[in-house]
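Peer 1: For reference, the structure I am asking about is given below.
The values are calculated or read from the model by the stated rules, or taken from the named source; none is laboratory data. None of these values were measured; they are calculated from a predicted model. Here Cβ is always computed from backbone atoms with ideal geometry, including for glycine, and neighbour counts include all displayed protein chains. Ligands, DNA and RNA are excluded from the accessible area calculation, which covers all protein heavy atoms including side chains. Shrake-Rupley method; radii C 1.70, N 1.55, O 1.52, S 1.80 Å.
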Amino acid sequence: MTITAIAALFYTVITVGVVVFQLALAVGAPWGAYAMGGAFPGRFPPAMRVAAVVQAFLLAAMVGVVLARAGLALPGWASVATWLIWFVVAFSVVAVILNSITRSVGERRLWAPVALVMLASSLTVALTAG
């Protein structure tokens, strides 16, 4: 198995975990202290639940991009994945920054390392695929 495939699969597993977390928030899990800077401790209000679904959808699409760029799935996305992978990398950079500077200690401890792994694995796919 290539480094590209390993990185893509690692990104997928980690990101699916984040998607599950977002969907749990959307259906009312009381984990708001670990998202959005802890601004909504407990259950998210309705508008934030919609935002969690949107974020879950975007993250799932990014998994598709990473897998397509690595040549592991979605061959029809291969041509757009060559440039969309850089959106995934940029999103991961922003996620690392925001999760590192949040006022929520729990969010910082949990999601900053996760975001860093997502950045490292997506960047590896971006640089080694092809």
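Peer 1: Of the residues that make up the range 47-56, is at least one open to solvent by less than 60 Å² (accessible area, probe 1.4 Å), closer than 15 Å to Ala5 by Cα and modelled with pLDDT of 95 or more?
Peer 2: No.
Peer 1: Okay, moving on. For Arg69, state whether it is of a type in the set (Lys, Arg), touching a residue at least 60 places away in the same chain (Cβ under 8 Å) and either more than 18 Å from Thr124 (Cα to Cα) or surrounded by 19 or more Cβ atoms within 10 Å (Cβ to Cβ) (or both).
Peer 2: yes
Peer 1: Condition first: among the hydrophobic types (A, V, I, L, M, F, W, C), open to solvent by 20 Å² or more (accessible area, probe 1.4 Å) and closer than 19 Å to Val114 by Cα. Now tell me which residues in the range 25-46 satisfy that.
Peer 2: If the condition is that a residue be among the hydrophobic types (A, V, I, L, M, F, W, C), open to solvent by 20 Å² or more (accessible area, probe 1.4 Å) and closer than 19 Å to Val114 by Cα, then Trp31, Ala33, Met36 are the ones that fit.
Peer 1: Then there's this: For the range 77-120, what are the residues that are open to solvent by 30 Å² or more (accessible area, probe 1.4 Å), touching a residue at least 12 places away in the same chain (Cβ under 8 Å) and among the polar types (S, T, N, Q)?
Peer 2: Correct list: Thr82, Ser100.
Peer 1: Another question about this same structure. Pairs, please: C-beta under 6 Å, at least 6 apart or cross-chain, first residue among the aliphatic types (A, V, I, L, M) and in the range 36-49, second open to solvent by 50 Å² or more (accessible area, probe 1.4 Å)?
Peer 2: Pairs that qualify, where the first residue is among the aliphatic types (A, V, I, L, M) and the partner is open to solvent by 50 Å² or more (accessible area, probe 1.4 Å), are Met48/Phe40.
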